[in-house]
Amino acid sequence: MMKLLMGTHAEVREFLIDYLEDQLSALKKVQFRLHLLMCKECGEYLRKYDSSVSLAQHYLEDPPPPELVELTLRFLDERASPRERGVEPGAEPCHP
Amino acid sequence: MNGQLTAERLAKLRARDHDAFNAFVREHHGAVYRLAHRLLRHAEDAQEVTQESFLAAYEGIERYEGRASLKTWLLSIAYRKTMDRMKTRYSESHTVSGVLDDDALWRIAQSVQRLTDWAIDPEQHYARGELSERLHEALARLTPETRSVFELRDLQGLSSQETADVLGISEGAVRVRLHRVRQYLMAELQSLFGGKGAQP
């Protein structure tokens with residue numbers, strides 16, 4: 001009866017992302033909520049699952065060097081048709 | 001100019017207005033470069049692919065139909081160009097050993113049994129640089145297709161639908177892959193911080 005009401009640990013862990021992305025039926029959603037409320041282990045699993053993403057976001061933050069955008073703009077000025085890029089033939093490429 | 005795609009802005013881009021296109025490049029350069037770099041793991045190649053992607057967008061802006069956002073459309077160009085680059089350049093000379101296929105990833109994802117408390121202050125145990133390196137290494141073991149889901153959805157903040165549009169797969173497939181990557185990262189962190197291991 002409890003299994004029917006709350007779902008199993010395996011179900012909760014397997015379909016966690018569907019719960020988080022609101023893809024479950026209303027009944028399944030209630031089962032998940034109840035399970036996460038009652039089950040300390042799965043509640044902790046959810047907390048670690050969220051923390052893993054936050055930690056990865058924090059430590060994988062890798063902004064590209066700012067000068068690269070200027071290289072790309074210069075590349076476009078050189079490669080795209082001069083008239084289309086608003087640059088007179090023979091003139092220096094203009095950058096804002 | 002902000003990121004909103006107004007009819008006026010789209011018209012300017014289609015007319016190849018210099019300032020409008022430069023603003024478009026500045027706005028999305030980071031996203032395109034990060035995707036290319038995450039998959040190629042080579043700064044020069046990533047920059048070249050970024051340039052080629054913007055050139056393709058510039059030359060093909062008439063083909064943008066407005067069904068997805070302009071950023072999604074641009075990233076789908078970048079993704080295709082990145083995968084092409086991988087196939088041509090890395091097919092023989094740059095084979096990465098130990099890449100995890102879907103089954104291996106699933107097995108690792110199931111390996112987390114006991115959770116230790118590492119999330120509160122991870123730098124109490126490891127220096128920032130070391131943690132960063134370990135996470136980069138962990139992601140590098142994933143297939144490019146799986147890595148790109150995590151990069152777009154969790155690191156760049158696209159929705160699952162947008163991620164699916166960029167990669168040309170279903171939203172359900174995005175969720176399945178993303179869930180496996182998150183569980184895999186959890187297992188890796190668990191292993192790093194002394195809990196039950198994350199070995200394939």
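Pairs only if they're at least six apart or on different chains, beta carbon under 8 angstrom, first in segment B:15-43 and touching a residue at least 60 places away in the same chain (Cβ under 8 Å) and closer than 17 Å to residue B:83 by Cβ, second acidic (Asp, Glu) and not in a helix (DSSP H, G or I); list them, first residue then second.
B:34/A:62
Is it the case that residue B:85 is within 14 Å of another protein chain (Cβ to nearest Cβ) and assigned to a helix (DSSP H, G or I)? Walk me through how you get there before you give the answer.
Numbers: within 14 Å of another protein chain (Cβ to nearest Cβ): no; assigned to a helix (DSSP H, G or I): yes.
No, not satisfied.
Would you mind stating whether residue B:22 is assigned to a loop (DSSP other than H, G, I, E, B) and either at pLDDT 90 or above or more than 30 Å from residue B:137 (Cα to Cα) (or both)? Please lay out each step first, then the result.
Values: assigned to a loop (DSSP other than H, G, I, E, B): no; either at pLDDT 90 or above or more than 30 Å from residue B:137 (Cα to Cα) (or both): yes.
Considered against the rule, which asks whether it is assigned to a loop (DSSP other than H, G, I, E, B) and either at pLDDT 90 or above or more than 30 Å from residue B:137 (Cα to Cα) (or both), residue B:22 comes out as no.
This table checks each residue for (1) at the interface with chain A (Cβ under 10 Å from one of its Cβ atoms); (2) surrounded by 18 or more Cβ atoms within 10 Å (Cβ to Cβ); (3) over 21 Å from residue B:162 (Cβ atoms).
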residue	(1), (2), (3)
B:15	yes, no, yes
B:21	yes, yes, yes
B:33	yes, yes, no
B:36	yes, yes, no
B:40	no, yes, yes
B:58	yes, yes, yes
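Between residues in segment B:64-75 that are part of a helix (DSSP H, G or I) and residues that are not small (Gly, Ala, Ser), which pairs lie under 6 Å by C-beta distance while being six or more apart or on different chains?
Within 6 Å, the pairs are B:70/B:5; B:71/B:28; B:72/B:162; B:72/B:165; B:72/B:166; B:73/B:64; B:74/B:28; B:75/B:166.
If we scan segment B:186-199, do we find a residue that is closer than 30 Å to residue B:76 by Cβ and of a type in the set (Ser, Thr, Tyr)? Full working, then the answer.
Keep residues of segment B:186-199 that are closer than 30 Å to residue B:76 by Cβ, which gives B:186, B:188.
Subsequent filtering for residues that are of a type in the set (Ser, Thr, Tyr) retains none.
No, there is no match, as no residue in segment B:186-199 is closer than 30 Å to residue B:76 by Cβ and of a type in the set (Ser, Thr, Tyr).
Working only within segment A:8-51, note down all residues that are more than 20 Å from the chain's Cα centre (by Cα), within 14 Å of chain B (Cβ to nearest Cβ) and of a type in the set (D, E, K, R).
A:11, A:40, A:41, A:44
The values are calculated or read from the model by the stated rules, or taken from the named source; none is laboratory data. Please read all numbers here as calculations on a predicted model, not as lab measurements. Note that each Cβ is placed from the backbone with ideal geometry, even for glycine, and that neighbours are counted across all protein chains shown.
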